[in-house]
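Heads up, the thing below is written out as structure tokens.
The values are calculated or read from the model by the stated rules, or taken from the named source; none is laboratory data. Note that the structure is predicted; figures quoted are calculated from it, not measured. Glycine also receives a Cβ, built like all others from the backbone with ideal geometry; neighbour counts cover every protein chain displayed. For accessibility, only protein heavy atoms count, side chains too; no ligands or nucleic acids. Shrake-Rupley method; radii C 1.70, N 1.55, O 1.52, S 1.80 Å.
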Amino acid sequence: MEHVALWVAAFLTLGIISFLYKDNPWYKLCEAIFVGISAGYWFIVLFWDNIVGKFWVGVFPPKELNDVGELVNSVEPDYWLIVGAVLGVLMLMRLIPNIGWISRWPLAFIIGCTSGLYLINYFSSNMMRQVQGTIMPLLGMNYELSTYDIIGNIIIVIGTFTGLIYFYFSKEHKGWFGRAAKVGIWTIMITFGASFGYTVMSRMSLLIGRVDFLFGDWLGLIN
Amino acid sequence: MRVGKSTFLHLCLAFSLSLILILILLTLVSAQEVDSLRSSTDSAYTIPDSGLVLVAPVTSLIAEDYKYDDGEQLKLSWVPSIDDQLVDSKVLGYRLFRSIDGGTPEILAKLPPGTNSFLDRTVQRERKYQYYLETFSENFVVQSIVTAAISPEREWLNLDRGWLFIIALFISIAIIFFVEKAKRGHKLYVRKIAGLEAIDEAVGRATEMGRPVLFIPGINDMDDVQTLAALTILGRVSRTIADYDSQIFMPVSRSLVMTAARETIKTSYMAAGRPDAYSDDMVNYVTDEQFGYVAAVDGLMVRERPATVFLLGAFFAESLILAETGNSVGAIQIAGTARPAQLPFFIAACDFTLIGEELFAASAYLSGEPRQLGSLKGQDVGKGLAMSVIILGVLAVTIATAWDVEIMHNVHNWLLGVFSSN
Amino acid sequence: MKRLVPLTITFIVGFVLIFSVFLPPAEGLDQTFTLYFDIIAVFAFFLGGGNLMRVHINKLRRQKKDWGFSVVTIAGFLFMLAAGLFKIGNPGDIATAVDTQGSLFKTVFDYVINPLQSTMYSLLAFFVASASYRAFRAKNREATLLLIAAFVILLGRTPFGMMVTGWIPDSFSIFQIPNLAIWIMNSPNLAGQRAIIIGIGLGVISMSLRLILGVERSYLGDDNA
Amino acid sequence: MSTRAKELLVVGIVLLFCIIAYLGKVYGWVDTVVFSPMVSMIVVGIIILGLVFVLIRTLQGRLINRQVVFLFVGIAVIMPFFMSITQKIRTSPEVQQLYDAVAELPKGSKVLVSFDYDPPSAPELQPMAEAFLYYCLSNDLKVIIMGLWPQGAQQANLALEAIMKNEKLAAKGLEYGKDYVNLGYQAGNEFVIQRMGADFSSMFRTDYSGRHYEELELVKNVKNFSNIDYSFNLSAGYPGTQEWVQVAVDRYGLKMGCGNTAVQAPMMYTYLNAGQLVGLLGGMNGAAEFEQLVKYPGKGTKFMLSQSFAHMIVIAFIIIGNVAFFRSGRGKKL
């Protein structure tokens, strides 16, 4: 069994890597396996978690014996969940040509949900908290900061400020405004460079892990 | 029934205004009374006895209503026993007892040493609760006094979030104001966004080459705003595609996105007057699995060789895999995401990249409708606010720390308070 | 009618959720609505999964190019559904979780999905290199800044960085590449991140409002459809 | 010979090689392959020559194929696994700090190791785990293992299995329950840490294999953090080092060091500077440095070499790309 498992894993690993050379039947086979198996996997996980775990158990909670020996619900059933199921069923109305438009209702519900939920969420965490974080002293006598930190703080404030100018839509980037926007885009470019350089490191370790599997666990050429 | 767009907007405005009015009224009604009941005296120290590890009880035990909830929590706080220390503590922990409506006290929780507060989430508004704490050592137990009876209260408004509400409201009103203003025919300037200017050309190129356009809306579901942004852009892009008579195909990793995308593309084809050219086969579900989806899209790219690739929405580690493969087949690529960590990869491998906010502004920009453009102007008001607060705050705190100016300290603290809303 | 109802639903749901943040009695609403979302998503999967089957069955029927691979996909999909729905090989009874160690479902995950996933992920290492070779050129001032920042951070995270600049005296330690890398991460990097993040916050507000107020309605389909 | 035939030939050769190597492993014909320093140097030389060739080609205005870039990355990652050359590794202060903290502990001290990661992060964290456990056990420190991530305890067992193969350790005849225990996984994230502050046994009634807490000689007298002399946390995210610092260190005064993935490590410097953490291993660098300090050359050192090679390849390609760009003026598409 262990031999089979190792060979299957190795076969799939090499198949995916072969894509780097060019598209080929081996890769296509791995791709077909991957798509089929993983689509089934996720449906099953969602089904047991959401339909059974959240919906069914929520509406029909498991029974248990109480002190007097009667069979009662362990928790109060939550009949509101049925609304969700009804919306879900409306979604399936797409399959019936004449009333297919009803499926827009659950869609509209979802869009309302997402916009409503994120409006405040994003606003408080992205805007409020970040603005608050940028309010910091640049220099000061009773303030223990190294020169580097002071320079750093000044750069953070100026960078954030000019970065925002770069994102201004309703004013032409000309004159001092344009120059500030330029500084803004420079800051943003440094940010991108930094995160690129930073992520390269962890990307390599993934490949190293795979190579270790192929030559170590599978072929046993290295220890 | 056909509803005029303006009537609908007015209805929305009326509804929201009335909601705001109700909110203000509610604020006035729920005048705050603090229900903290302070224990009057703390019980005395027990007489020492040989062999016992004596510990002092906790002091200042207070039970109060938890602020800004639906009357479902009570907050307890106390000063830990003086024998409760970080190192070699004599106190092994606390036991919290609660009696409901004057009944027999029952143990509610066992708490580790060092604890000085507890949130009781198992209370009901109609009941009255009393609490006391036992401090225990290896072989000794001492009780605190019992708190006065208290019930949790329901607050209608979360005043902690007052500033959040006011600032969000201010920016929302600014956006709605400029939307309305633009509708009345005020000309608004919007700067050019290179990635969006390129869309027409990119789609045209696909038509010329006789190759399809590939649209990837990210890998998240409809519960991510970035996916919504991608779909709104899809609306404009597919309109252009319908006009140019190009081909589009769109593999997606979520079933809901598939449904929504089909609806969107269909609408665009209708609007372009070519409903016959639309087919459900343009959008296909692949798999929910992140890398399974990537494997399939990569394969598709090299086999179909699209002339133009759109990568808009929420992307994670797959961003570069997709963008590099797209690049290798010689496609023009227009990418955009609001995930800062993935943006550098798009910048490196794509021809045009929409950075963060530009992704959300894109559909408004592309529509060219004055009302939509108005919302962009409204956004800029928000940026202006953020920038002025940053300047003001930085000045205040710098002056305050450098020269110790009292009033600047106050300004600084006030700003921090305003923007700390959670 | 076909258009008004969805617009109204979006409007009411959106507004109620916005205000629920400020009204403690309504605070649980977001969780309830998220639950609804989860449930709808599974129903939608019947459409998605059905679509997957249809596409591949069509390929098979019409004997299109590469139809053999479609057979594999269909077989894999059905196999996984069967393994998961009937909990084949689950130690214990039907009540145990579907991914209990030892079940067929979990085994397939461990030996098939897992290697595929991590290999696909590891391809990134190759693409990072090819992107660096092709795209990181000092074409203009912006690209140069990006390049320099990336270069410094890259060097700073390898022993190389210390080797090159280790001779710099401690009083100028900031110019030693590893320190410089940390400084870039903490200062200019943070500034750029902040500007982007604040912008995103505002962009989301504006787009959400457009959707809630029905200014943006491209997703809703046409009246005549 | 047609391209197709060549491709099939290559696949065939590779397959044959794999089958022989596998059979060799199973029947014990082939031992692990190690290049002599001479061969290693030649391999490095060939890689460098290859890069020079690429540079010349690029200077001539002929951009190389992306497949060639991929090949270089592949070779740069694979070859170091077989090399016997050792990289000069400079110990960074935070790694030294961790080593010193553990080295100072008197024999018999109790060390708590929390495994808060899963297999995807194993290439970076597993070497740290092995080196740390090896050092503790070979220096007569008592190790208590636990995990806040479901697969953490399993990773710990893998690490233990690997280090027990070491002769020095095998000779010590270490006993489970006396010299080390694995308490297993406990759900509850930071609340687990908080409850452990009062009472370990309330969170871990049994160990990994189901033995009762009180039956385990090593831990039966361990009440809470005050009985722990040092703690080491291997973390790949949440819950992880941050939670340990906030609860166990800040509230219960636990002395702690940590090993983090490269992505997470920079965020820990604040804690390190504030003295909340005593020692930090960041990414493969950290693992390799620590392995060298404790004289347990394991996978970290090996992986590190691969990683350095891969980084140098990336850096080399950036340089080549830019040199070519400045020579030719305008860049062309690959």
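Here are a few things to note about the model shown:
- Note on the stretch B:392-403: among residues that are facing another protein chain (nearest Cβ under 7 Å) and out of contact with any Phe, Trp or Tyr (no Cβ under 6 Å at 6 or more places or on another chain), the one that is nearest to B:GLY382 (Cα to Cα) is B:GLY393.
- On inspection, D:TYR296 passes the criterion of being open to solvent by 20 Å² or more (accessible area, probe 1.4 Å), under 26 Å from D:TYR134 (Cα atoms) and either more than 12 Å from chain C (Cβ to nearest Cβ) or assigned to a loop (DSSP other than H, G, I, E, B) (or both).
- Residues that are surrounded by 18 or more Cβ atoms within 10 Å (Cβ to Cβ) and not in a helix (DSSP H, G or I) do occur in the stretch B:400-420, at least one of them.
- Residue list for the stretch B:220-233, filter: touching a residue at least 12 places away in the same chain (Cβ under 8 Å) and either within 8 Å of chain C (Cβ to nearest Cβ) or not in a helix (DSSP H, G or I) (or both): B:ASN220, B:ASP221, B:MET222, B:ASP224, B:VAL225, B:ALA229, B:LEU231, B:THR232
- Filtering the stretch A:142-160 for residues that are within 7 Å of chain C (Cβ to nearest Cβ), under 33 Å from the mean Cα position of the chain (by Cα), more than 30 Å from D:CYS18 (Cα to Cα) and part of a loop (DSSP other than H, G, I, E, B) leaves an empty set.
- Screening the stretch D:154-212 for helices (runs of 4 or more DSSP H) wholly inside it with 1 or more residues that are among the acidic types (Asp, Glu), under 25 Å from the mean Cα position of the chain (by Cα) and under 22 Å from D:GLY240 (Cα atoms) returns the ranges D:190-198.
- Once the stretch C:44-93 is narrowed to residues that are more than 8 Å from chain A (Cβ to nearest Cβ), among the polar types (S, T, N, Q) and open to solvent by less than 30 Å² (accessible area, probe 1.4 Å), the residue that is farthest from A:VAL57 (Cα to Cα) is C:ASN51.
- When the test is whether a residue is under 20 Å from C:TYR121 (Cα atoms), crowded, with 24+ Cβ neighbours inside 10 Å and within 8 Å of another protein chain (Cβ to nearest Cβ), B:PHE345 passes it.
- The set of residues in the stretch A:1-31 being within 20 Å of B:ASP298 (Cβ to Cβ) and open to solvent by less than 10 Å² (accessible area, probe 1.4 Å) consists of A:LEU12, A:THR13, A:GLY15, A:ILE16, A:TYR27, A:CYS30.
- The single residue among C:VAL98, C:VAL55, C:VAL71 that is over 23 Å from A:PRO106 (Cβ atoms) and in contact with a strand residue (DSSP E or B) (Cβ under 8 Å, 6 or more places away or on another chain) turns out to be C:VAL55.
- Close Cβ contacts (under 7 Å, 6 or more residues apart or on different chains) running from residues in the stretch C:55-68 that are more than 20 Å from B:ASP280 (Cβ to Cβ) to residues that are open to solvent by 50 Å² or more (accessible area, probe 1.4 Å) comprise C:TRP67/C:LYS59; C:TRP67/C:LEU60.
- Subset of the stretch B:197-218 [open to solvent by 10 Å² or more (accessible area, probe 1.4 Å) and closer than 13 Å to B:LEU312 by Cα]: none
- The single residue among D:ALA248, D:ALA274 that is of a type in the set (Gly, Ala, Ser) and surrounded by 23 or more Cβ atoms within 10 Å (Cβ to Cβ) turns out to be D:ALA248.
- Residue in the stretch B:269-289 that is closer than 25 Å to C:SER118 by Cβ, of a type in the set (A, V, I, L, M, F, W, C) and open to solvent by 10 Å² or more (accessible area, probe 1.4 Å) present: yes
- Test: residue in the stretch B:309-326 that is within 21 Å of D:GLN67 (Cβ to Cβ) and free of Cβ contacts under 8 Å to residues at least 24 places away in the same chain: no
- Taking the listed residues C:LEU4, C:LEU29, the one that is at pLDDT below 95 and either more than 8 Å from chain B (Cβ to nearest Cβ) or in contact with a Cys (Cβ under 8 Å, 6 or more places away or on another chain) (or both) is C:LEU29, with no other qualifying.
- Residue ID - modelled with the lowest pLDDT, chosen from residues in the stretch C:111-165 that are β-branched (Val, Ile, Thr) and open to solvent by less than 30 Å² (accessible area, probe 1.4 Å): C:THR158
- Helices (runs of 4 or more DSSP H) contained in the stretch D:1-111 and holding at least 2 residues open to solvent by 40 Å² or more (accessible area, probe 1.4 Å) and within 11 Å of chain A (Cβ to nearest Cβ): D:3-27, D:66-78
- Flag if C:PHE19 is without any contact (Cβ under 8 Å) to a residue 12 or more places away in the chain, closer than 30 Å to A:GLY112 by Cβ, at the interface with chain A (Cβ under 10 Å from one of its Cβ atoms) and aromatic (Phe, Trp, Tyr): yes
- Output for the stretch B:348-372, where each listed residue is surrounded by 24 or more Cβ atoms within 10 Å (Cβ to Cβ), hydrophobic (A, V, I, L, M, F, W, C) and in a helix (DSSP H, G or I): B:ALA348, B:ALA349, B:LEU359, B:PHE360, B:ALA361, B:ALA362, B:ALA364
- Meeting the requirement of 1 or more residues that are more than 14 Å from B:LYS75 (Cβ to Cβ), the strands (runs of 3 or more DSSP E) wholly within the stretch B:111-161 are B:129-136, B:141-143.
- Qualifying residue in the stretch C:210-223 (condition: part of a helix (DSSP H, G or I), touching a Pro at 6+ places or on another chain (Cβ under 8 Å), buried (at least 24 other Cβ atoms within 10 Å of the Cβ) and at pLDDT below 90): yes
- Among residues of the stretch C:38-50 that are among the charged types (D, E, K, R), those with a beta-carbon under 9 Å from a residue that is surrounded by 23 or more Cβ atoms within 10 Å (Cβ to Cβ) at least six positions away or on a different chain give the pairs C:ASP38/A:GLY84.
Yes or no, residue by residue, for (1) under 35 Å from the mean Cα position of the chain (by Cα); (2) surrounded by 15 or more Cβ atoms within 10 Å (Cβ to Cβ); (3) more than 14 Å from chain D (Cβ to nearest Cβ):
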position: B:ASP101; (1), (2), (3): no, no, yes
position: B:PRO113; (1), (2), (3): no, yes, no
position: B:PHE118; (1), (2), (3): yes, yes, no
position: B:PHE136; (1), (2), (3): no, yes, no
position: B:GLU155; (1), (2), (3): yes, yes, yes
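- When each of D:GLY257, D:GLY286, D:GLY279 is tested for being closer than 20 Å to A:GLY197 by Cβ, among the small types (Gly, Ala, Ser) and in contact (Cβ under 8 Å) with a residue 40 or more places away in the chain, the lone residue that passes is D:GLY286.
- Matching entry among C:THR107, C:THR100, C:THR96 (being assigned to a helix (DSSP H, G or I), β-branched (Val, Ile, Thr), more than 7 Å from chain A (Cβ to nearest Cβ) and open to solvent by 20 Å² or more (accessible area, probe 1.4 Å)): C:THR107
- Among the candidates D:ALA310, D:ALA324, D:ALA288, D:ALA316, residue that is more than 26 Å from the chain's Cα centre (by Cα), in a helix (DSSP H, G or I) and of a type in the set (Gly, Ala, Ser): D:ALA324
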